Amino acid sequence: MGERWQAVDDYIAARLLGDDDALATILANNAGQGLPPIDVSAAQGKMLFLLAQMAGARRILEIGTLGGYSTIWLARALPDDGALVTLELEAYHARVAQENLESAGVSAKVDIGTGPAADSLAAMTDEAPFDFVFIDADKQSNSHYVAEAIRLGRPGTTIIVDNVVREGGVLEANSDDDRIVGTRALFDMLSANPRLDATAIQTVGAKGWDGFVLARMR
Ligand code: SAH
Ligand code: DHB
Ligand code: MG
């Protein structure tokens, strides 16, 4: 089915997303500089853009920048005086992302924090409260990142977590894959958390079978 999922994503992109030279250039730059092609898909990027706009987001937090592809979609949703903080472990990824944000014309709204996201988050207060949080980094840390998003959020803050289904891997209760263990810990913390209303939506498409958590702070 994978080919057909890709073909439908191509159809959606052709009808609804238009030609986006800035984003195509960035994906080519990422590939040229050796970054892995694990950005969100174009359709998912536009969904993030729409959700951030629906939330009226003025301050956005992203955890996991890579080359800044999802960052650019989110930054485009911000008003002129909006701000986005994106956290990235790898200095090399952050450098490529900075170039990409400049070429897309959104760098004035974005600050990249380099280093382990947990450290950057622990040091953060001035930038909060965030209206919208997109979590897409090391899956082991997902429940910690959601706890930090809650600390740095406010009633109504939207929280999205990418890659929570992984071809059904989330069902493997005895997995020795830290990413699966982390994702299951995320579902456990969500199921018990009185600060959040949450769901998870499975997806198929250019990125295979996966899914995301969508949550809103009470
Ligand atoms: N959101 C991006 C894709 C992110 S890929 C997009 O859709 O375009 C995941 C990124 O998280 C990688 O760049 C990886 O280096 C980064 N990462 C991994 N562990 C991290 C950590 N502990 N802190 C911050 N970033 C981390
Ligand atoms: C992969 C995909 C992602 O969206 C991500 O954030 C990390 C890894 C992957 O396909 O391996
Ligand atoms: Mg992801």
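Every number here is computed from the coordinates shown, using simple stated rules; none is lab data. Computed from a predicted model, the values in this text were never measured in an experiment. Reconstructed Cβ throughout: ideal geometry from the backbone, glycine too, with neighbour counts over all protein chains shown.
How about the stretch 141-218: which strands (runs of 3 or more DSSP E) wholly inside it have at least 3 residues that are within 14 Å of ligand 3 (Cβ to nearest atom) and closer than 20 Å to V85 by Cα?
Details: elements: 158-162, 196-203, 210-217.
Output list reads 158-162.
Sub-6 Å Cβ pairs linking a first residue in the stretch 116-127 that is small (G, A, S) to a second residue that is buried (at least 17 other Cβ atoms within 10 Å of the Cβ), at least 6 apart or interchain, are A117/I63; A117/L87; A117/A137; S120/L87; S120/G113, ordered by first then second residue.
With respect to the conditions (1) touching a helix residue (DSSP H, G or I) at 6+ places or on another chain (Cβ under 7 Å); (2) touching a residue at least 40 places away in the same chain (Cβ under 8 Å); (3) buried (at least 17 other Cβ atoms within 10 Å of the Cβ), D162 falls short on a single one, namely (1).
Are any of the residues in the stretch 73-84 in contact (Cβ under 8 Å) with a residue 60 or more places away in the chain, within 16 Å of ligand 1 (Cβ to nearest atom) and closer than 30 Å to D119 by Cα? Yes: one or more hits.
Here's the yes/no breakdown for (1) in contact with a strand residue (DSSP E or B) (Cβ under 8 Å, 6 or more places away or on another chain); (2) β-branched (V, I, T):
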residue	(1), (2)
E148	no, no
T157	yes, yes
A173	no, no
D197	yes, no
A200	yes, no
G205	no, no
G208	no, no
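State the number of residues belonging to the stretch 16-37 that are within 12 Å of ligand 2 (Cβ to nearest atom) and free of Cβ contacts under 8 Å to residues at least 40 places away in the same chain.
Residues of the stretch 16-37 that are within 12 Å of ligand 2 (Cβ to nearest atom), as a first pass: 35-37.
Then keep just the ones that are free of Cβ contacts under 8 Å to residues at least 40 places away in the same chain; that gives 36-37.
Here the count works out to 2.
Scanning the stretch 170-218 for residues that are among the hydrophobic types (A, V, I, L, M, F, W, C), within 16 Å of ligand 2 (Cβ to nearest atom) and in contact with a helix residue (DSSP H, G or I) (Cβ under 6 Å, 6 or more places away or on another chain) returns V170, I180, L186, V204, A206. Counting only residues that are within 16 Å of ligand 3 (Cβ to nearest atom) and among the aliphatic types (A, V, I, L, M), which one in the stretch 121-140 is surrounded by the most Cβ atoms within 10 Å (Cβ to Cβ)? For the stretch 121-140, the residue satisfying everything is I135. Every listed requirement among (1) under 25 Å from L50 (Cβ atoms); (2) away from ligand 1 (no atom under 15 Å from the Cβ) is met by P194 save one, (1).
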